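Coordinate-derived values only; no laboratory data. For clarity, every value in this text was computed on a predicted model and none was experimentally measured. Cβ placement follows ideal geometry from the backbone for every residue including glycine, while neighbour counts extend to all protein chains displayed.
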Amino acid sequence: MSIQENLLQIKSQLPNHVTLVAVSKTKPVSDLMEAYEAGQRIFGENKIQEMTEKWQQMPKDIEWHMIGHVQSNKVKYMVEYVKLIHGVDSLKLLKEINRHAIRWRKNINCLLQIHIAEEETKFGLDENELADLLNSEEFKEMNNIKVIGLMGMATFTDNQQQIKREFDFLKSIFDKYKQLETSNLKLETLSMGMSGDYQLAIECGSTMVRIGSSIFGGRK
């Protein structure tokens, strides 16, 4: 099936409240344009340099999401255009985003990444670190960022029960902090689920899914 057919099939299965991020990392602009022509406007990249090159070449009504691990020293390259930064996993990184956002006189939306997988390689905050961050004076003083939700990545396994446990755990944290609302915090987005597990993620309460290979095919 073509990129367009894949995309339309996936969109037909998604509930209205779920946002689709087309994960386009490593894919050429021609592939992204095929998805664009089919109506897709939200693309997720995991390398800032690659995302910036695509932003420069492509239509300006696209929402660019940074979905990979962000190094603090690279933040400055995407502040001008990025719509949502998914994997924010430290106060240090938030401070850097806020600092550059001030310079651009912008507000930047962020998701805090929660560590839910059993693998040590996955980044993210644990529940205590999340509480410490949200309650810190430094966070409360950041006026140019807005934390609009949480994200997490399940363990890479075929064990559906384990994946469901991890998604349910993230949803429980999301629900716990959803009542907290300040000038820079309002949790509305729960980003979990990728090509292999997005249907289960939606059943567990996800409102944003990141799908790559099911749209564009496997990465070479």
Original post:
For Leu200 and Gln57 in one chain, what is 0.36 nm times their gap in residues minus the Cα-Cα distance, to one decimal in nm?
Top reply: 48.0 nm
**OP:** Among the aspartates and glutamates, select those whose C-alpha is under 14 Å from the C-alpha of Lys83, and discard any that sit fewer than 8 residues away in the same chain.
**Re:** Glu45, Asp61, Glu63
Subject >> D_trans [Stokes-Einstein, Kirkwood Rh over alpha-carbon pairs] for region 1-130, 37 °C, 0.692 mPa s, µm² s⁻¹ >> reply: 206 µm²/s
Original post:
Per-residue HN-Hα couplings for region 102-118, Karplus 6.51 cos²θ - 1.76 cosθ + 1.60 at θ = phi - 60°, whole Hz, x for Gly and Pro?
Top reply: 4, 4, 8, 6, 10, 10, 10, 7, 9, 10, 8, 8, 9, 7, 10, 8, 7
**OP:** Quickly work out the Phe169-to-Lys140 label distance, labels modelled 7 Å from Cα along the C-beta direction, and quote it in nm with one decimal.
**Re:** 3.0 nm
Original post:
Given the chain reduced to its alpha-carbon atoms as identical point scatterers, what log10 I(q)/I(0) does the Debye formula return at q = 0.07, 0.13, 0.16, 0.19 Å⁻¹?
Top reply: -0.20, -0.74, -1.13, -1.51
Subject >> Of Lys27/Lys74; Lys74/Lys140; Lys47/Lys178; Lys146/Lys186, pairs whose Cα-Cα distance is over 19 Å >> reply: Lys27/Lys74; Lys74/Lys140; Lys47/Lys178
Original post:
Taking the Cα centre of each part, how many Å lie between region 1-47 and region 128-199?
Top reply: 23 Å
Original post:
Order of Cys204, Cys110 from fewest to most other C-beta atoms within 10 Å?
Top reply: Cys204, Cys110
**OP:** Calculate the spin-label point distance for Leu180 paired with Arg103, positioning each point 7 Å from the Cα along the beta-carbon direction, and give it in nanometres.
**Re:** 2.9 nm
Subject >> Spatially proximal aspartates and glutamates relative to Lys106 (Cα-Cα < 12 Å; intrachain offsets below 8 disregarded) >> reply: Glu80
Subject >> Among Val82, His69, Gly212 the positive-end extreme of the charge dipole of region 3-216 (Cβ point charges) >> reply: Val82
Subject >> Chain lengthening between Lys83 and Glu129 when straightened (0.36 nm per residue, less Cα-Cα) >> reply: 14.1 nm
Original post:
For the chain, what is the charge dipole size about the Cα centre, in debye to the nearest 20, if Lys and Arg each add +1 at the Cβ and Asp and Glu each add -1 at the Cβ?
Top reply: 760 debye
